[in-house]
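Okay, structure first, notes after.
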Amino acid sequence: SVSAVLPPGRVIGCVPYPAAEIVRPGVIRHLEGWQFPVGEPDRSHSGRGQRFAEAMTAAGFRSRLTADVRSQIWLKLMGNAAFNPISALTGATMAQICRHPDTRALVSRVMQEVLDVAVSVGDPPPAQFTVERNLHRRMSCSNGQAFRCHVQKIPLFPEMPAQSTHNKPEQSQTAAFS
């Protein structure tokens, strides 16, 4: 197990929330977000957690010590598991994915599965961490660009031409969802 190699007493949880995109290889553009909540994995309070949060704040990030960093991890996983693959395949932003009925339904199912896993391992997030609330939060991102993977893209949305950080394909393809 991981804890045999890295004892829990040597771990501080931190959940990065900045959104960025790859402009081209070696060039990253920060889009939004500076939050880095930190906390002890066992939900205890510690001086080292507080010192780490203060160091993050001193470095210019918004960081705070939270008693429940594990819930923040589940919330982040809900979004990553649901949006990242769809964005990587289609080139769509989170807002675009949420506006398309089929991809929104898929995202909702994946998020619910993540919550089901959290419950099944005995670590359910608080009741306010619902799929609908998470979807609404992501749809209302300030610039609508909050996440877009940069790999070979297959356009799902007509307004989004195929993009790539590599050579463009001769013909674009369209993803179909059933």
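Per-structure values
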{"quantity": "GLU32 versus ALA58: modelled label distance in nm, points set 7 Å from Cα along the beta carbon direction", "calculated": "3.1 nm"}
{"quantity": "Simple label model, 7 Å out from Cα along Cβ direction - ASP116 to VAL23, nm", "calculated": "4.3 nm"}
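Read-outs: derived from the displayed coordinates by stated rules, not from any lab. Just so we're clear, the structure is a prediction, and the values are computed from it rather than from any experiment. Neighbour counts are summed over all protein chains in view; Cβ atoms, including those assigned to glycine, are modelled from backbone coordinates with ideal geometry.
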